[in-house]
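Scroll down for the structure; my scribbles are underneath it.
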Amino acid sequence: MIEYRAYHKTRTGKVRSAGRTVRKKDKARAGTPPALRARLRLIGWIAAGLLAVGFTGVAFASAYSWLTRSPLFTVRTVDMNRCANVSLEEVWAIVRGDGSGILWSVPAKEIARRLSGHPWVRSVSVRKSFPDRLVVRIQERTPVAMVNLDVLYYLDEEGRPFKRLTAYDPKNLAIVTGFSRGELLRKDPVTMRDLRKTLDLLRAVEAGALRQNVSEVHFDAQDGYTVVTRDAGLQLKVGTMDVKEAIRRIEVAMPRISGMPRSSGIADLKTEGRVFMRPGE
């Protein structure tokens, strides 16, 4: 009986001791200020966010490294439109000259800028087509005449000299004379207006009575325009009249000139309804 009481007395004491311990912990927690607990939670969230950002940055860095080195994105094809004077090999040389064969790293704008320096390129666009293709679209210049600027150059449809002729370039276009190299380089508005009018006259006569038979169109600030035929070297002087009127007079005069015993030299068409013929200068 004594042992039973002793046993229950001991167990009861232990339970009371545990209860006191729990109450002490609750009191300790209750003693922590709310502001401190909020600050600790905020620090925990910030630390978790920084860890997440760090892991995300590492993941992105790894993905970028793989994308910029993976052979899957190596440039294998240059899709280029058909051009008469710009070759695919020239485009490839510029692409390879950049030193990077991975499409992600290919500088499309820089390639377009370098292609724009080609004398035959009027406009160009370069874009990437993943995973391994570069799309290049080029619009070439169209030579409409030649101009003598100490050496021969091609003129495009806007009157710009764009390519110095070599021994291998075709020289079957009419030549425009009367304009100096300095005048064209200065791009004086009056000079450019006269040059464009000269080209308009050239295109018109080649499409009319003098089809494929124009050797030269000469401009003189005082005397105006002179059209020289390819076959007989006939000089048709039309002065500074309007292009349409000049074409009309040439078309009316050519049949009459062809029937004359002497159809070479100079034909002055400045007077309405008259053709004055004289020997060449």
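Just a few scattered comments:
- Between Ala84 and Arg122, residue separation times 0.36 nm minus the direct Cα-Cα distance comes to 12.4 nm.
- The slack between Thr74 and Trp92, meaning 0.36 nm per residue of separation minus the straight C-alpha distance, is 5.1 nm.
- Reduced Cα scattering model of the range 191-249, Debye log10 I(q)/I(0), q = 0.24, 0.27 Å⁻¹: -0.97, -1.22
- Against the empirical curve 2.2 N^0.38 Å, the C-alpha radius of gyration of the range 130-281 lands at a ratio of 1.21.
- Long-range Cα-Cα pairs in the range 99-166 (distance over 17 Å), rounded percent: 52
- Among the listed pairs Lys109/Lys163; Lys128/Lys171; Lys128/Lys197; Lys128/Lys187, those beyond 32 Å (Cα-Cα): Lys128/Lys171; Lys128/Lys197; Lys128/Lys187
- One decimal place: the segment Ala35-Arg193 gains 48.7 nm when fully extended, by the rule 0.36 nm per residue minus the C-alpha distance.
- Trypsin sites (Lys or Arg not before Pro) restricted to DSSP loop in the range 71-145 with at most 12 other C-beta within 10 Å: Arg76, Arg82
- Rounded to the nearest 20, the Cβ-based charge dipole of the range 171-221 about its Cα centre (Lys and Arg +1, Asp and Glu -1) stands at 200 debye.
- Scattering from the range 136-221 was approximated by placing one identical point on each alpha carbon and applying the Debye formula without solvent; log10 I(q)/I(0) at 0.12, 0.13, 0.26 1/Å stands at -0.35, -0.41, -1.42.
Each reported figure results from applying straightforward, stated rules to the coordinates on display, with no laboratory input. All values derive from a computational prediction rather than experimental measurement. Reconstructed Cβ throughout: ideal geometry from the backbone, glycine too, with neighbour counts over all protein chains shown.
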